[in-house]
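Working notes, structure below.
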Amino acid sequence: MRVSASIDVAASPQVVWDQVSDPTRYLDFMSGITRWEVCSEDPRGLGARYRMSMRVGSAEIGGLVEVIEWVEGRDMAWTSVTGLDQRGRWRLRERPGGRTHVELRLSYGVAGAGFWGWISERVGAPTVRGHLQHTVRHLKRQVEQEQTRRRAAARRQAGVGTS
Amino acid sequence: MPEAVTAERAARNGHSADEDSSGPSLVGGLLSGLARSVSSRIPTADLDERDPDYIRDNLPRQWLAASLYFRGEVRGLGNIPEKGPVLMVGNHSGGNITPDTAVFTLAFCAYFGVERAFYQLAHNLVLSMPGLSFLRKFGTVAASHENARKALESGAALLVYPGGDYEVHRPFWERNRVDFDGRKGFIRLALDQDVPIVPVVSVGGQETALFLTRGEGLSKALGLDRLLRLKVLPISIALPWIVNVGDMLGHIPLPAKITVEALPPIHLRQEFGPEPDLDEVYDHVTRLMQETLDALASERTLPVIG
């Protein structure tokens, strides 16, 4: 099953990237995520591993995932090592006016689970899709608010400097 | 079968080899025959029968039942130590069909992964029931001290229900009561193996049927306690039987909302000294669990609905 959510953020790709590539921030903005723990020496980058769970229905579903694609400021993709079969991707693309189009994709399933696996993927899809949509909205709010605070701080700094 | 082998097998499955060798009159004879039949069906416990691939393939089906039918909710999984052996002690509900176990097993396997060895102790009769052999692939083994010790020595997480058949058939009006019947074997086990205890409290399971009585007197009169290790012969109002005596064939559980909460681990020697008093530990664990159960019960507005 494949679900995705996207949104335009009023910030540069690098600012958004700083947020989505930092595993310590995941619990702050990713909806439904109950853990995102670093399990590798390098917390970021190709080969980084995380133990993650997302609450869907009566279980916290997830497992160990590994980053398999890392293009600074543009793409980060991960795939499951254990647990639920999954492949996820953050895809950031620059838009005119200093904006960034953010897309979060997730393909998931349980290979070999047959008919019941097929049914459960579809039953769970609205919840997973909802988590993804909330996640990109939280991301937009956090990045834009942080940017606003930084600009205000910079203005205050400039004001103090000139007075 | 040589006597020694029979005795060993009986011990592994949690009962003595000679307990089914007597019985009063005709009824006793019939029950002795039934006991022998059940005993012969009880598989020799083998931890290797747990099959992670089988569990993984069946998690979606379990997830559907737990999420849609029982609206299961499991809290506090982060309290369970990430690694190493741990003894999880639960209150048991739901008659012979125990949805709390199914909901918790799903949550545990989804959270920690099917790769983490996880066993559950169950009554011999459960494992010998036709159609329930798949439980062994989920890691269910016959309730005995020997099997529990082996599971913990292998480094696995182990779920036990000290109240067993006594607690699981308590009347509906005692549904929000933790009742281990004074059984303290789990404390000795935790001390012997030097593993932490994680209390696992569930609510809702005893609302899946209208349990009326444990039928302890009836069980004793029929000699079931000696022959089948059954201290109860419960009577309930349950689907599809309406009046359900014994619950031997199970029942269709009502879709009661099941909530389970795992509490922080209790390290017995750290908290109670090098030689903990069993009664003190028992009182502590059951009090903690009862307080949690009271809190979970207070969140519910109506039986079954949750």
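The values are calculated or read from the model by the stated rules, or taken from the named source; none is laboratory data. In this text the structure is predicted, and so the values were computed from the model without any measurement. Here Cβ is always computed from backbone atoms with ideal geometry, including for glycine, and neighbour counts include all displayed protein chains.
Which ones in segment B:63-93 are at the interface with chain A (Cβ under 10 Å from one of its Cβ atoms) and small (Gly, Ala, Ser)?
Once the filter is applied, which keeps residues that are at the interface with chain A (Cβ under 10 Å from one of its Cβ atoms) and small (Gly, Ala, Ser), segment B:63-93 yields B:65, B:66, B:67, B:72, B:78.
Could you please give the count of residues in segment B:59-85 that are under 21 Å from residue B:290 (Cα atoms) and in contact with a Leu (Cβ under 7 Å, 6 or more places away or on another chain)?
Selection size over segment B:59-85: 2.
Any residue that is under 20 Å from residue B:301 (Cβ atoms), at pLDDT below 95 and surrounded by fewer than 22 Cβ atoms within 10 Å (Cβ to Cβ) - is there at least one of those in segment B:179-191?
No, because not a single residue in segment B:179-191 is under 20 Å from residue B:301 (Cβ atoms), at pLDDT below 95 and surrounded by fewer than 22 Cβ atoms within 10 Å (Cβ to Cβ).
Suppose the filter is in a helix (DSSP H, G or I), surrounded by fewer than 16 Cβ atoms within 10 Å (Cβ to Cβ), away from chain B (no Cβ under 14 Å) and within 19 Å of the chain's Cα centre (by Cα); does residue A:137 pass it?
For residue A:137, the condition - in a helix (DSSP H, G or I), surrounded by fewer than 16 Cβ atoms within 10 Å (Cβ to Cβ), away from chain B (no Cβ under 14 Å) and within 19 Å of the chain's Cα centre (by Cα) - is met.
One line per residue, one yes/no per condition, for (1) modelled with pLDDT under 90; (2) within 14 Å of another protein chain (Cβ to nearest Cβ):
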residue	(1), (2)
B:42	yes, no
B:54	no, yes
B:61	no, yes
B:103	no, yes
B:132	yes, no
B:140	no, no
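In the list B:159, B:212, B:254, which residue meets the criterion of being closer than 18 Å to residue B:288 by Cβ and modelled with pLDDT of 90 or more?
Of the residues listed, the single one that is closer than 18 Å to residue B:288 by Cβ and modelled with pLDDT of 90 or more is B:159.
Could you tell me which of the residues A:112, A:63, A:98, A:45 is farther than 21 Å from residue A:20 by Cα and either at the interface with chain B (Cβ under 10 Å from one of its Cβ atoms) or surrounded by fewer than 21 Cβ atoms within 10 Å (Cβ to Cβ) (or both)?
A:112
Considering only segment B:255-272, state which residues are under 18 Å from residue B:76 (Cβ atoms), of a type in the set (A, V, I, L, M) and in a loop (DSSP other than H, G, I, E, B).
Scanning segment B:255-272 gives B:258, B:263.
If we scan segment B:226-247, do we find a residue that is modelled with pLDDT under 95, among the hydroxyl-bearing types (Ser, Thr, Tyr) and either touching a helix residue (DSSP H, G or I) at 6+ places or on another chain (Cβ under 6 Å) or in a loop (DSSP other than H, G, I, E, B) (or both)?
So far as segment B:226-247 goes, no, none of its residues is modelled with pLDDT under 95, among the hydroxyl-bearing types (Ser, Thr, Tyr) and either touching a helix residue (DSSP H, G or I) at 6+ places or on another chain (Cβ under 6 Å) or in a loop (DSSP other than H, G, I, E, B) (or both).
For segment B:273-306, give me each residue that is assigned to a loop (DSSP other than H, G, I, E, B) and under 26 Å from residue B:187 (Cα atoms).
Passing the criteria: B:273, B:274, B:275, B:276, B:277.
Would you be able to say whether some residue in segment A:81-94 is closer than 30 Å to residue A:11 by Cα, within 14 Å of chain B (Cβ to nearest Cβ) and of a type in the set (Val, Ile, Thr)?
no
Does residue B:67 qualify as being crowded, with 18+ Cβ neighbours inside 10 Å, over 18 Å from the mean Cα position of the chain (by Cα) and small (Gly, Ala, Ser)?
Criteria met by residue B:67.
Working only within segment A:14-41, note down all residues that are small (Gly, Ala, Ser) and closer than 16 Å to residue A:88 by Cα.
If the condition is that a residue be small (Gly, Ala, Ser) and closer than 16 Å to residue A:88 by Cα, then A:21, A:31, A:32 are the ones that fit.
The conditions are (1) touching a strand residue (DSSP E or B) at 6+ places or on another chain (Cβ under 8 Å); (2) part of a helix (DSSP H, G or I); (3) surrounded by fewer than 23 Cβ atoms within 10 Å (Cβ to Cβ), and residue B:212 fails exactly one of them. Which is it?
Residue B:212 satisfies all of (1) touching a strand residue (DSSP E or B) at 6+ places or on another chain (Cβ under 8 Å); (2) part of a helix (DSSP H, G or I); (3) surrounded by fewer than 23 Cβ atoms within 10 Å (Cβ to Cβ) except (2).
Given the condition over 24 Å from residue B:211 (Cα atoms), in contact with a helix residue (DSSP H, G or I) (Cβ under 6 Å, 6 or more places away or on another chain) and among the polar types (S, T, N, Q), answer yes or no: does some residue in segment B:122-135 qualify?
Scanning segment B:122-135 turns up no residue that is over 24 Å from residue B:211 (Cα atoms), in contact with a helix residue (DSSP H, G or I) (Cβ under 6 Å, 6 or more places away or on another chain) and among the polar types (S, T, N, Q).
Can you pull out every residue in segment B:105-130 that is within 14 Å of another protein chain (Cβ to nearest Cβ) and polar (S, T, N, Q)?
Across segment B:105-130, the qualifying residue is only B:105.
Which ones in segment A:6-32 are part of a strand (DSSP E or B) and buried (at least 20 other Cβ atoms within 10 Å of the Cβ)?
Correct list: A:9 only.
Consider residue A:27 carefully, then state whether it is of a type in the set (A, V, I, L, M, F, W, C) and without any contact (Cβ under 8 Å) to a residue 24 or more places away in the chain.
Judged against the criteria, residue A:27 is a match.
Does segment A:75-102 hold any residues that are over 21 Å from residue B:112 (Cα atoms) and touching a helix residue (DSSP H, G or I) at 6+ places or on another chain (Cβ under 8 Å), and which are they?
A:76, A:90, A:92, A:93, A:94, A:100, A:102
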